Amino acid sequence: ILNVEQSPQSLHVQEGDSTNFTCSFPSSNFYALHWYRWETAKSPEALFVMTLNGDEKKKGRISATLNTKEGYSYLYIKGSQPEDSATYLCAFIGTGANNLFFGTGTRLTVIP
Amino acid sequence: EPEVTQTPSHQVTQMGQEVILRCVPISNHLYFYWYRQILGQKVEFLVSFYNNEISEKSEIFDDQFSVERPDGSNFTLKIRSTKLEDSAMYFCASSKWGPRGLEEPGNTIYFGEGSWLTVV
């Protein structure tokens, strides 16, 4: 069983604040790291798939970075809005098993 | 936006009963998956399915579980004799190519909204 950890578990921020959270994963046998956004009562939605060390991806106000050598990825949200409130999940794919190993998620609440 | 649909959204069942959870994946997708999340725990992989057979399965997916694609559109998960610890949210997902191709443009894994299973 692969250890994929996310921190913090939950986070409350004021509207307009920028925030970030962490996903840590095994640094060996890395293939890809995924980020998903999961709103309550909806399906998890793919945000980013990252494969290269040093990769940085951006989608609107959300961006992510990847460090495969030390086994972590950061997700950043600039100028948080109430509609950003969701659970953010990361998932790791290794070169061994051909499936996603998820972290526990970070639950973000943006207070208007 | 394409979507994966799941039924039922919520099912309560007695321990020992059989349960079938249904999923309609996106029509041109070739890979299908079931994941589950027990309340307060991580989303866990159960099984992947490709070319009408199981591609990969986890330790959780024991003899009590089975999957089927009976008619070319539905993808079902059957739990033969439910236990209390099977209570979880079960997610179906599909993708055009396998998990190691998800970094390719246009190949995204789509999840359904989940089926809550409560075993009493």
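So in region A:49-62, with the set limited to residues that are within 14 Å of chain B (Cβ to nearest Cβ) and among the β-branched types (V, I, T), which one is nearest to B:S95 (Cα to Cα)?
Of everything passing the filter in region A:49-62, A:V49 is nearest to B:S95 (Cα to Cα).
Among the residues of region A:37-53 satisfying the criterion of being charged (D, E, K, R) and in contact (Cβ under 8 Å) with a residue 12 or more places away in the chain, which is surrounded by the fewest Cβ atoms within 10 Å (Cβ to Cβ)?
That would be A:E39.
Answer with yes or no whether A:E56 is surrounded by fewer than 21 Cβ atoms within 10 Å (Cβ to Cβ), free of Cβ contacts under 8 Å to residues at least 12 places away in the same chain, over 30 Å from B:S55 (Cβ atoms) and touching a strand residue (DSSP E or B) at 6+ places or on another chain (Cβ under 7 Å).
Yes; evaluated as a whole, the condition is true for this residue.
Going by the conditions given, is B:E44 within 14 Å of chain A (Cβ to nearest Cβ), of a type in the set (D, E) and out of contact with any Asp or Glu (no Cβ under 8 Å at 6 or more places or on another chain)?
Yes, satisfied.
Would you mind telling me which numbered condition in (1) out of contact with any strand residue (DSSP E or B) (no Cβ under 8 Å at 6 or more places or on another chain); (2) at pLDDT 90 or above; (3) not charged (D, E, K, R) A:M50 fails?
(1)
Looking only at region B:1-24, filter to residues that are under 23 Å from B:R80 (Cβ atoms) and within 12 Å of another protein chain (Cβ to nearest Cβ); which one of those is surrounded by the fewest Cβ atoms within 10 Å (Cβ to Cβ)? So that I can check it myself, show each step before the final result.
We begin by selecting, within region B:1-24, every residue under 23 Å from B:R80 (Cβ atoms); these are B:6-24.
Okay, now just the ones that are also within 12 Å of another protein chain (Cβ to nearest Cβ), so B:6, B:9-10, B:23.
Details: B:Q6: 23, B:S9: 12, B:H10: 10, B:C23: 25.
Looking at the filtered set, the residue picked out is B:H10.
If I filter region B:79-92 for residues that are in contact (Cβ under 8 Å) with a residue 60 or more places away in the chain and over 21 Å from B:G16 (Cα atoms), do I get at least one hit?
Yes: region B:79-92 contains one or more residues that are in contact (Cβ under 8 Å) with a residue 60 or more places away in the chain and over 21 Å from B:G16 (Cα atoms).
Only residues that are crowded, with 18+ Cβ neighbours inside 10 Å and of a type outside the set (D, E): list them for region B:77-86, please.
Result: B:L77, B:I79, B:T82.
I'd like the full set of residues that are under 18 Å from A:N99 (Cα atoms) and of a type in the set (A, V, I, L, M), limited to region B:31-79.
B:V43, B:L46, B:V47, B:I54, B:I60, B:V67, B:L77
For the condition away from chain B (no Cβ under 13 Å) and either part of a loop (DSSP other than H, G, I, E, B) or among the β-branched types (V, I, T) (or both), what is the one hit in A:T65, A:T40?
Among A:T65, A:T40, only A:T65 is away from chain B (no Cβ under 13 Å) and either part of a loop (DSSP other than H, G, I, E, B) or among the β-branched types (V, I, T) (or both).
Does any residue of region A:39-57 turn out to be of a type in the set (S, T, Y) and farther than 27 Å from B:G112 by Cβ?
Narrowing region A:39-57 to residues of a type in the set (S, T, Y): A:40, A:43, A:51.
After this cut, where a residue has to be farther than 27 Å from B:G112 by Cβ as well, the list is none.
Scanning region A:39-57 turns up no residue that is of a type in the set (S, T, Y) and farther than 27 Å from B:G112 by Cβ.
The values are calculated or read from the model by the stated rules, or taken from the named source; none is laboratory data. Just so it is clear, the structure is predicted and the values come from calculations on it, not from any experiment. For neighbour counting, all protein chains shown are included, and Cβ atoms are generated from backbone atoms with ideal geometry for every residue, glycine included.
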